[in-house]
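Beneath this line is the structure, given in structure tokens, with notes to follow.
The values are calculated or read from the model by the stated rules, or taken from the named source; none is laboratory data. All values derive from a computational prediction rather than experimental measurement. Please note: Cβ atoms are built from the backbone with ideal geometry, for glycine as well, and neighbour counts cover all protein chains shown. We work out accessible area using only protein heavy atoms, side chains counted, and drop any ligands, DNA or RNA first. Shrake-Rupley method; radii C 1.70, N 1.55, O 1.52, S 1.80 Å.
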Amino acid sequence: MEMLRDADIDLTPLVGKRVAILGYGNQGRAQALNLHDSGIDVVVGLRGGSGSSFEVEAAGLEAALIEDAVADADVVMILAPDEIHDSLYAEIEPRLRHGTAVGFSHGLSVRFGFVRSRPDLDVFLIAPKGPGTALRSLYQQGKGMIALWAVDQDASGNAAGIALAYGRAIGCGRAGLIHSSFAEEAEADLFNEQAVVWGAVPEILSAGFETLVAGGISPEVAYLECIGELKLIAELIEARGIAGMREVISNTAELGAFLGGKRIVDDAIRARMSEILAEVRAGRFAGELKDEEKSGYARLEAARSKARLTQIEETFRRLQSVADQSAG
Ligand SMILES: NC(=O)c1ccc[n+]([C@@H]2O[C@H](COP(=O)([O-])OP(=O)(O)OC[C@H]3O[C@@H](n4cnc5c(N)ncnc54)[C@H](OP(=O)(O)O)[C@@H]3O)[C@@H](O)[C@H]2O)c1
């Protein structure tokens, strides 16, 4: 695996070029500000009546309507939600100049056919491996976030140069850029979201909390045990790896983790993980995402309302208010 850093990457393909960032949400805000601070000419493209235009201008950035922003851009980065990339791309395509480079920060819409680009365009991926808030704060600290990069269409012959220069300008070259493909990035990312960090981990934390409370442990103690220690293990794994993390915990915790962890994550869980990967690859989740958007996000709204009313959230709020009072 080749990891490219700032010193390996030429910024020239972006120098004197105009970059339109479409969307000013989690990634859009971070990438627009990082590009601007790297000296790149940036315009943020927003839909008519967008509530974000004031925030864009207050941050010292140029805001424009999407159709105007893309018309004179050399690079167009699509940073609106994945499930609307098809309609957004259909809207902008007639306005894109011959040879424009179109970028994404997630491979989903290209991998699963939401977007099929005009043959004269470059199509590239710069996928930072973390949220936009962290991408921005790392940049401000002089650090960066690892990103995957890929090219799906190389009409100009220099799509890779543009992708890498873009990755460097948002700060990812400080940490490292790893070559991938739209398919690999999309499949691995969707799998992780569903089966590992974002899907399974919160569910296992909740299940542990509920088991302890049902067993007569107070909600506060159950919360501190099952959820409060997550940050500590995440930091240890980040700094030392999984084996290194185990070396610095007590023998009691290490033996317990060795015996208990294997009982919880058994072959049945691995089989369901394989099922999820197969479904992701077959495009089933991409279809569900599109259906969710068409329904006005009915399932997501219902799940969000329900989650706020659970005992685990009440306990979180109680512990947080005690912590706030102590800090004040
Ligand atoms: N969240 C992350 O940190 C993260 C990490 C890695 C990769 N990514 C990828 O980055 C991309 C953006 O994700 P995100 O989480 O940053 O998105 P997001 O925060 O949900 O994006 C919100 C922005 O998109 C605009 N938008 C929403 N619907 C629109 C529409 N129909 N037409 C035009 N603009 C619209 C919003 O406009 P208004 O301002 O008018 O409301 C807002 O500016 C996705 O491909 C995602 O997979 C995200």
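Structure values in brief
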quantity	calculated
Within the range 1-44, considering residues that are of a type outside the set (Val, Ile, Thr), assigned to a strand (DSSP E or B) and in contact (Cβ under 8 Å) with a residue 40 or more places away in the chain, the one nearest to the ligand (Cβ to nearest atom)	Leu22
Any hit, the range 104-114, residues being aromatic (Phe, Trp, Tyr), outside the structural domain of Lys290 (by TED's automatic domain parsing), over 21 Å from Ile178 (Cα atoms) and open to solvent by 20 Å² or more (accessible area, probe 1.4 Å)	yes
Condition check for Asp37: under 30 Å from Ala188 (Cβ atoms), open to solvent by 20 Å² or more (accessible area, probe 1.4 Å) and assigned by TED's automatic domain parsing to the domain that holds Arg168	yes
Options Asp68, Asp6: the member that is out of contact with any strand residue (DSSP E or B) (no Cβ under 7 Å at 6 or more places or on another chain) and more than 20 Å from Leu96 (Cβ to Cβ)	Asp6
Qualifying position, being open to solvent by 90 Å² or more (accessible area, probe 1.4 Å), over 21 Å from Gly208 (Cβ atoms) and in a helix (DSSP H, G or I), among Arg270, Arg304	Arg304
Residue in the range 162-184 that is within 12 Å of the ligand (Cβ to nearest atom), in contact (Cβ under 8 Å) with a residue 60 or more places away in the chain and closer than 22 Å to Met273 by Cα present	yes
Selected residue [surrounded by fewer than 12 Cβ atoms within 10 Å (Cβ to Cβ), closer than 30 Å to His85 by Cα and not basic (Lys, Arg)] from Ala327, Ala282, Ala243	Ala282
When residues of the range 121-153 are limited to those that are open to solvent by 30 Å² or more (accessible area, probe 1.4 Å) and of a type in the set (D, E, K, R), the one nearest to the ligand (Cβ to nearest atom)	Lys129
Search result, residues across the range 79-112 that are assigned to a helix (DSSP H, G or I), touching a helix residue (DSSP H, G or I) at 6+ places or on another chain (Cβ under 6 Å) and more than 6 Å from the ligand (Cβ to nearest atom)	Glu83, His85, Ile92, Arg95, Leu108, Ser109, Val110, Arg111
Ala63 being open to solvent by less than 40 Å² (accessible area, probe 1.4 Å), touching an Asp or Glu at 6+ places or on another chain (Cβ under 6 Å), within 13 Å of the ligand (Cβ to nearest atom) and not assigned by TED's automatic domain parsing to the domain that holds Phe285	yes
Failed condition for Ser321, given (1) open to solvent by less than 60 Å² (accessible area, probe 1.4 Å); (2) within 22 Å of the chain's Cα centre (by Cα)	(2)
Residues of the range 184-199 satisfying the condition of being open to solvent by less than 50 Å² (accessible area, probe 1.4 Å), part of a helix (DSSP H, G or I) and not aliphatic (A, V, I, L, M)	Glu185, Glu187, Asp189, Phe191, Asn192
Flag for Gly51 being within 9 Å of the ligand (Cβ to nearest atom) and open to solvent by 70 Å² or more (accessible area, probe 1.4 Å)	yes
Residues (among the small types (Gly, Ala, Ser), surrounded by 15 or more Cβ atoms within 10 Å (Cβ to Cβ) and farther than 17 Å from Thr315 by Cα) located in the range 200-240	Ala200
Residues satisfying the stated conditions in the range 153-183, i.e. in a loop (DSSP other than H, G, I, E, B) and farther than 27 Å from Ala286 by Cβ	Ser156, Gly157, Asn158, Gly171, Ala175, Gly176
